[in-house]
Amino acid sequence: MPSLRTALLQSSGRPGSVPGNLAVLDAAAGRAAAAGAGLLVCPEMFLTGYAIGDDVARLAEPADGESARAVAAIASRHGIAVAYGYPERDGERVYNAAQLVAPDGTRLADYRKTHLFGPFEREHFSAGDRPVVQAELGGLRLGLLICYDVEFPENVRAHALAGTDLLLVPTAQMHPFEFVAESVVPVRAFENQMYVAYVNRTGQEGAFEFVGLSSLAGPDGTTRARAGRGEELVLGEADPALLTASRTANPYLLDRRPRLYTWLG
């Protein structure tokens, strides 16, 4: 089975401008596809910007809304799958969401962030309640989490037990929590024997300083691709052969003793 070349778009785009962010996404999708990537992963809330206050509610759209259709057209035009963060409206509720679109524009998955970080998110979003959302792409099983979600080991282990091969994590990770990108993410990949694509915003946005450091972490605990602190498009390989070899060498899931953990809440 061939590798899935994965492009990580480290960018804060144009906060507050959906048309501006769609233009950035379109250009990045073209560059990624030209480089042989089959998947482009964007940061958390990429479609609108993160620190946009009450504009979160104003710019929120349904999962099949106008902006979703625009992203689907971009994916189809360039022949590349796209995962992106956006505010999803469902009735009176707004969710911090991520959507995965196939290379032909078909919507494959939509995930709502389950663990909201800080007062800003708790003020503007409702929490999702589906811990594992997956889709198939290029022979791999892809899963979705968003930012703070990956810092809870239970979330990633749930994906591992459900067979996720490549976990996509759009994020808005900020100073002074660089250690999450540098240390926690590779450990999550290793202890759960999966790839983790962790894709961050960058630069100052409102009161938040986003630190970049997007990465594709491998099941062997190594960082297969890493961005710096600025705007960048980084490519890495999600290689099924490495996944198989690493799972054979590190059989964490097979060696678990679940009956010993039943007391955990």
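The values are calculated or read from the model by the stated rules, or taken from the named source; none is laboratory data. Nothing here was measured: the structure is a model prediction, and the numbers come from that model. Cβ atoms come from the backbone with ideal geometry, glycine included; neighbour counts cover every protein chain shown. Areas reflect the complete protein model, heavy atoms only, side chains present, ligands, DNA and RNA absent. Shrake-Rupley method; radii C 1.70, N 1.55, O 1.52, S 1.80 Å.
Note on the chain: with neighbouring protein chains present and a 1.4 Å probe, carbon and sulfur make up 53 percent of its accessible heavy-atom surface. Summary of the geometry: the range 168-221 and the range 70-84, compared by the centres of their Cα atoms, lie 23 Å apart. Between the listed residues 15, 125, 4, the Cα displaced farthest toward the positive end of the dipole of the chain, a dipole computed from Cβ unit charges relative to the Cα centre, is found at 4.
Go ahead and estimate [θ] at 222 nm for the chain from helices alone: -39,500 (n - 2.57) per DSSP H run with n ≥ 4, summed, over the residue count, rounded to 500. Kindly include the intermediate steps, with their values, before the conclusion.
On the way: 8 runs with 73 residues, N = 265.
Helix-only estimate at 222 nm: -8000 deg cm²/dmol.
In a reduced charge model with +1 at each Lys and Arg Cβ and -1 at each Asp and Glu Cβ, the chain shows a dipole moment near 540 debye about its Cα centre. Classify the range 99-234: rounded, prolate or oblate, from the alpha-carbon gyration tensor (a ≥ b ≥ c, eigenvalue square roots; a/c under 1.5 rounded; otherwise prolate if a/b is larger than b/c)? Rounded, because the longest to shortest axis ratio a/c is under 1.5.
Hydrophobic long helices, here whole DSSP H runs in the chain with Kyte-Doolittle means of at least -0.5 and Cα atoms spread over 27 Å or more along the helix axis, are not found. Taken per residue, the accessible surface of the range 53-168 reaches 41 Å², heavy atoms only and a 1.4 Å probe.
A simple count of charges around residue 213, restricted to other residues whose Cβ falls under 9 Å of its Cβ and scoring Lys, Arg +1 and Asp, Glu -1, yields 0. When a/c is below 1.5 the answer is rounded, else prolate if a/b is larger than b/c, else oblate, so apply that to the range 189-265 with a ≥ b ≥ c taken from the square roots of the Cα gyration tensor eigenvalues. Oblate shape, in that a/c is at least 1.5 and b/c is the bigger or equal ratio.
For the range 34-181, the square roots a ≥ b ≥ c of the C-alpha gyration tensor eigenvalues yield an a/c of 1.5 or more together with a/b not exceeding b/c, which makes the shape oblate. Once C-alpha pairs closer than 8 Å and six or more residues apart are averaged by separation and normalised to the residue number of the chain, the relative contact order reads 19 percent.
Within the range 115-203, DSSP assigns beta bridges of which about 35% are antiparallel (rounded to the nearest 5).
Multiplying the residue separation of residue 55 and residue 260 by 0.36 nm and subtracting their alpha-carbon distance yields 69.1 nm.
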